[in-house]
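As structure tokens, the structure follows; a few thoughts come after it.
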Amino acid sequence: MTRVQSQKETTVQITRSSHPLGAMVEGVDLSQPLSDASFAELKHALGKYGVLWYPHQQLEAAQLKQFAQRFGTLEINVANNFQEPGIPEVMVLSNIVRDGKPIGLADAGQSWHTDMSYSRTIAFTNILYGVKIPFRDGHSRGNTEFCNMHAAYDELPEELKAYLEGMTVEHDFNKFWEMMRREKGSARPPLTAEQRAAKPPVSHPIFLTHPITKRRVLYANPGYAMRINELPEDESAQILDFLFQHQVQNRYRYKHQWSVGDVLMWDNIGTIHNAVADYRADEHRLIKRCQVIADRVFEEAV
Ligand code: OGA
Ligand code: MN
């Protein structure tokens, strides 16, 4: 007798990496609707492991959107117009130039940061689907690396935790944008007055309780964090500098080495990340992306 398995019956297998973050998820076809039980299991795993990757997926942009929107409202990026035709929630990240025109944002995330910490409603998860991945000298290029902010919080000196408790950090979208232009030779033009007005600096608590794990995390990142509002400027700069060095230590890291067909999903509340730019302009990378806002994940936590 042939047994036909529906998605509901398949078993999701989650295998944790040997690193301080990351787990591989098998036994789920993300092009198909997800059962409530599988969704709950994946959301829990995302909080626990910080980064999930699903190898060998085959997705249309609309299916990526459908999967992503189970986790919350999708962000539509205002900073550029590299959107999938007809599906503005799906953005194209790529260094490919076609007929003289770039087909995607070429240098997304190429320094340590947290997605959307500059937004009033912060990001929950970012979901990337690898379509083209550069490969040279026996390994893929363009890794995405992560650090564990549960562990970074846990290992802060107790006096510093107590001192900073209740304080807030100002985050500014323009900090990362200008750093890319100044330090990385990015061709991105300065933000227009209109773009800046659409993304004014915002403040968030320096420590957050993670809505899934219920543990405290360090919520500051070198990409967007400008200052600790409650401290004098020089003390704020000194402490932020300490936090930026503390949070990227090797012992908190996991490096994802991409394969074509990977879906990579990370938790932006409990991790920070960095896109490693170790490939050339003629080595093509093409990723489709959905960003999920942390609206539902906080609503469901209460
Ligand atoms: C992002 C990002 C990393 C990558 O999309 O926010 O940081 O490796 N991307 O493309
Ligand atoms: Mn990012």
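Evaluate the charge dipole of segment 41-96 about its Cα centre and quote only its size in Debye, nearest 20, assuming +1 on the Cβ of each Lys and Arg and -1 on the Cβ of each Asp and Glu.
Working: 4 positive and 5 negative charges, 43 e Å.
My answer is approximately 200 debye.
Count the net charge of all other residues whose Cβ sits under 13 Å from the Cβ of Phe124, scoring Lys and Arg as +1 and Asp and Glu as -1. Can you show the working numbers first?
Numbers: positive: Lys43, Arg70, Arg296; negative: Glu75, Asp115, Asp267, Asp295, Glu299, Glu300.
Every neighbour counted, the sum reads -3.
Which is farthest toward the positive dipole end of the chain among Cys147, Pro88, Gly100, measuring Cα position about the Cα centre, with Cβ charges +1 (Lys, Arg) and -1 (Asp, Glu)?
Gly100
Would you mind checking the pairs Lys161/Lys255; Lys214/Lys255; Lys132/Lys255 and listing those with alpha carbons more than 20 angstrom apart? Working shown, then result.
Numbers: Lys161/Lys255 27 Å; Lys214/Lys255 25 Å; Lys132/Lys255 18 Å.
Too far apart for the 20 Å limit: Lys161/Lys255; Lys214/Lys255.
Provide Rg and Dmax in Å for the chain, with only Cα atoms included in the calculation.
19.2, 73
Mind listing which trypsin sites (Lys or Arg not before Pro) in segment 198-302 are in a DSSP loop and have 10 or fewer other Cβ atoms within 10 Å? Walk me through the numbers on the way to the answer.
Details: sites: Lys214, Arg215, Arg216, Arg227, Arg251, Arg253, Lys255, Arg280, Arg285, Lys288, Arg289, Arg296; in loops: Lys214, Arg215, Arg280, Arg285.
Passing sites in segment 198-302 are Lys214.
Taking all protein chains in place and a 1.4 Å probe, what share, in percent, of the accessible surface of the chain do carbon and sulfur account for?
Details: 7130 of 14020 Å².
Here it works out to 51 percent.
Could you order Thr192, Thr271 by accessible surface area, starting with the largest, using a probe radius of 1.4 Å?
Thr192, Thr271
So, in Å, what gap is there between the alpha-carbon centers of segment 21-60 and segment 173-197?
Each part reduced to its Cα centre gives a spacing of 34 Å.
If r is the Cβ-Cβ distance from Lys214 to Phe39 and R0 is 22 Å, what FRET efficiency results, to the nearest 0.05?
Computed FRET efficiency for Lys214 and Phe39 comes out at 0.70.
Anyone know which of Pro232, Pro88, Pro200 comes out most mobile in the 10 Å Cα GNM of the chain?
It is Pro232.
Could you provide, to the nearest whole Å², the per residue accessible area of the chain with probe 1.4 Å? Provide the component values of the computation, followed by the final result.
Working: 14020 Å² over 302 residues.
Using a 1.4 Å probe on heavy atoms only, each residue of the chain averages 46 Å².
Just tell me, in residue order, which DSSP H segments of the chain are both 15 angstrom or longer along the helix axis (alpha-carbon based) and at least -1.0 in mean Kyte-Doolittle hydropathy. Spell out each step's value before the answer.
On the way: long enough: 36-49 (19 Å, -0.34); 173-183 (16 Å, -1.35); 233-247 (21 Å, -0.60).
Qualifying helices: 36-49, 233-247.
Please find, in a Gaussian network model of the chain (springs between Cα atoms separated by less than 10 Å), the residue of Gly86, Gly261, Gly27 whose mean-square fluctuation is greatest.
In the Gaussian network model the winner is Gly86.
In segment 102-168, if every C-alpha pair distance is counted and binned at 10 Å from zero, what percent goes to each bin?
That works out to 13, 34, 32, 15, 8, in percent per bin.
Would you work out the charge dipole size for segment 89-207 about its Cα centre, treating the Cβ of every Lys and Arg as +1 and the Cβ of every Asp and Glu as -1, and quote it to the nearest 20 debye?
Working: 14 positive and 16 negative charges, 161 e Å.
With only Lys, Arg, Asp and Glu charged at Cβ, the dipole is about 780 debye.
List every residue whose amide H lies under 5 Å from the amide H of Tyr224, counting only residues 5 or more places away in sequence or on a different chain, with H placed 1.01 Å from N in the peptide plane.
Amide H to amide H, under 5 Å and 5 or more residues apart or across chains, Tyr224 pairs with Thr114.
Once you charge only the Cβ atoms, +1 for Lys and Arg and -1 for Asp and Glu, what is the size of the charge dipole of the chain about its Cα centre, to the nearest 20 debye? Please report the intermediate quantities before stating the final value.
Numbers: 33 positive and 37 negative charges, 152 e Å.
Dipole magnitude for the chain comes out near 740 debye.
For Asn77 and Thr15 in the same chain, what is the full-extension length gain: residue separation times 0.36 nm, less their Cα-Cα distance, in nm? Working shown, then result.
Numbers: separation 62, 0.36 × 62 = 22.32 nm, distance 3.24 nm.
Residue separation times 0.36 nm, minus the Cα-Cα distance, leaves 19.1 nm.
For Cα pairs less than 8 Å apart in space and 6+ apart in sequence, what is the mean separation divided by the residue count of segment 2-301, i.e. the relative contact order in percent?
Working: 625 pairs, mean separation 98.5, N = 300.
Relative contact order here is 33 percent.
What residue among Ser236, Pro189, Phe207 has its Cα farthest toward the positive end of the dipole of the chain, where the charges are +1 on Lys, Arg and -1 on Asp, Glu, each on the Cβ?
So the residue furthest toward the plus end is Pro189.
Given the options Ser236, Ser203, Ser18, state which has the largest fluctuation in a GNM of the chain using a 10 Å cut-off (strictly under) for Cα springs.
Looking only at Ser236, Ser203, Ser18, the biggest GNM fluctuation is shown by Ser18.
The values are calculated or read from the model by the stated rules, or taken from the named source; none is laboratory data. These numbers come from a predicted model, not from an experiment. As a convention, Cβ positions derive from the backbone with ideal geometry for all residues, glycine included, and neighbour counts pool all protein chains shown. For accessibility, only protein heavy atoms count, side chains too; no ligands or nucleic acids. Shrake-Rupley method; radii C 1.70, N 1.55, O 1.52, S 1.80 Å.
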